[in-house]
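The values are calculated or read from the model by the stated rules, or taken from the named source; none is laboratory data. Predicted model only: the values in this text are computed from it and were never measured. When we count neighbours, we look across all protein chains shown, and the Cβ atoms used for this are built from the backbone with ideal geometry, even at glycine.
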């Protein structure tokens with residue numbers, strides 16, 4: 001009789017543990033921000049005179065894009081002619097302590113475009129991505145080619 005009680009108790013313990021495991025709160029799926037390229041202000045620029053405005057849309061399910069500390073960079077812009085990206089500050093896009101899903105547009109101004117070589121014109125494009133406060137990296141977007149003239 002004791003052997004049957006032990007088997008029944010073991011069976012119910014396994015069922016109880018399995019049921020409790022299934023009731024555990026599921027971890028929130030970590031989702032990085034999503035970017036979509038929208039527009040360029042121009043595809044042809046005069047060096048040192050013209051500025052370029054890049055517009056892209058963002059979507060973030062936990063609303064933690066942008067940093068409160070102005071010394072923290074969250075926007076990365078890689079000129080295809082260079083080896084390292086330029087870093088830009090982006091202010092928080094949500095009020096403190098609120099993390100609703102957010103989406104919108106960012107207009108990013110790039111000033112004083114210039115030629116790197118000795119020719120009279122160069123073409124380049126920019127790859128852009130962002131990092132949120134949790135350290136999640138967005139997808140990268142690439143601008144169309146831009147020509148910089150002397």
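Things to note:
- Residues that are under 8 Å from the mean Cα position of the chain (by Cα), surrounded by 13 or more Cβ atoms within 10 Å (Cβ to Cβ) and either part of a loop (DSSP other than H, G, I, E, B) or modelled with pLDDT under 95 (or both), drawn from segment 127-139: 132, 136, 138
- Residue in segment 57-65 that is part of a strand (DSSP E or B), free of Cβ contacts under 8 Å to residues at least 60 places away in the same chain and under 27 Å from residue 134 (Cα atoms) present: yes
- Hits in segment 107-126 - residues which are at pLDDT below 95 and crowded, with 16+ Cβ neighbours inside 10 Å: 110, 113
- Qualifying positions in segment 106-126 - free of Cβ contacts under 8 Å to residues at least 40 places away in the same chain and part of a loop (DSSP other than H, G, I, E, B): 116, 117, 118, 119, 120
- Flag not set for residue 77, criterion: touching a strand residue (DSSP E or B) at 6+ places or on another chain (Cβ under 6 Å), at pLDDT below 95 and closer than 20 Å to residue 32 by Cβ.
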